Structure formats: C-alpha cells, structure tokens
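Data block below; observations after.
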Amino acid sequence: KKKKKLSVATSDTTIMNFSTADSAGTIVGDDMKYMRITNLDDTNYITLSFYQGDTYYKVKLQAGESHIHMNNQIAIGSAALGDMTKVNAQANTLACDIEITTVSA
C-alpha cells in the first residue's frame, strides 16, 4: 500500500503513469488492485482525466470527494476494455492538495 499527497495545479498535469515495468512515478498496471484519489481541498474542485492511449474520460471531484478504481481497466465510449496509461489532474481555480492511495500485488 502506498499513500502520496501532492498539489494539483490549474494546468492539466500527469499525476500517475501505468506501464508493464516498475519505475519512478509508474505503477505496473496489471499489479494494481485498488486506487483512490481524494480531493483534500475544502472549497475547490479538481478534474481527473483517465487515459487509455490518446483517448480519455473525465471525472469531477468536488471538495472532499474521492474516486476509486479497483483495477487498471477502463472502457471509453464503445471501445473495449483496455489498460489505463496515465491519470491527469487539474484544479479549477486554485491549486488543490490531493491524496493518492494505491495497493498493488
């Protein structure tokens, strides 16, 4: 289990990468069992973008809310399930602190 706190700027920024090999700032996608991203701000929202290659979907996290993924598989639109490649975050007005908790095999 890993827990990390970081600040999200108002520009779209990569906060997590997925790959088949372990390296700094990267999670082996097939090993991920659980991921929770929590917006620690008490006022502002953030937008998370979950990528599968160049395609992505967005989730808006209000102040204090969390988003949970139980594996690295996502389907966007009518596309088949596939591996996430990265997660980006962007604060709406001012920088926001987030907490990322991951559990992997």
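If residue 98 satisfies every condition in (1) in contact (Cβ under 8 Å) with a residue 40 or more places away in the chain; (2) assigned to a loop (DSSP other than H, G, I, E, B); (3) not basic (Lys, Arg) but one, which is the exception?
With (1) in contact (Cβ under 8 Å) with a residue 40 or more places away in the chain; (2) assigned to a loop (DSSP other than H, G, I, E, B); (3) not basic (Lys, Arg) applied to residue 98, the lone miss is (2).
Criterion first (modelled with pLDDT under 95 and of a type in the set (S, T, N, Q)) does residue 71 satisfy it?
In short, yes.
Sort out for me the strands (runs of 3 or more DSSP E) sitting completely within the stretch 1-54 that have 2 or more residues that are exposed (fewer than 13 other Cβ atoms within 10 Å of the Cβ). Even if it seems obvious, please write down each step before you answer.
Details: elements: 2-8, 13-19, 26-28, 32-39, 46-52.
Answer list for the stretch 1-54: 2-8.
Got a sec? Which of 39, 88, 44 is modelled with pLDDT of 95 or more and either under 14 Å from residue 4 (Cα atoms) or touching a His at 6+ places or on another chain (Cβ under 6 Å) (or both)?
Answer to the selection: 39.
Of all residues in the stretch 56-95, how many are open to solvent by less than 70 Å² (accessible area, probe 1.4 Å), part of a strand (DSSP E or B) and not small (Gly, Ala, Ser)?
Residues that pass the stated criteria total 11.
List every residue pair whose Cβ atoms lie under 8 Å apart, where the two residues are 6 or more positions apart in sequence or sit on different chains, the first residue falls within the stretch 20-37 and is without any contact (Cβ under 8 Å) to a residue 12 or more places away in the chain, and the second residue, located anywhere, is outside any strand (DSSP E or B) and open to solvent by 70 Å² or more (accessible area, probe 1.4 Å).
Partner pairs satisfying both residue conditions: 20/30.
The values are calculated or read from the model by the stated rules, or taken from the named source; none is laboratory data. Predicted model only: the values in this text are computed from it and were never measured. Using ideal geometry, Cβ is built from the backbone for each residue, glycine included, and neighbour counts are taken over all protein chains shown. When the accessible area is computed, the model is the full protein with side chains, heavy atoms only, and any ligands, DNA or RNA have been set aside. Shrake-Rupley method; radii C 1.70, N 1.55, O 1.52, S 1.80 Å.
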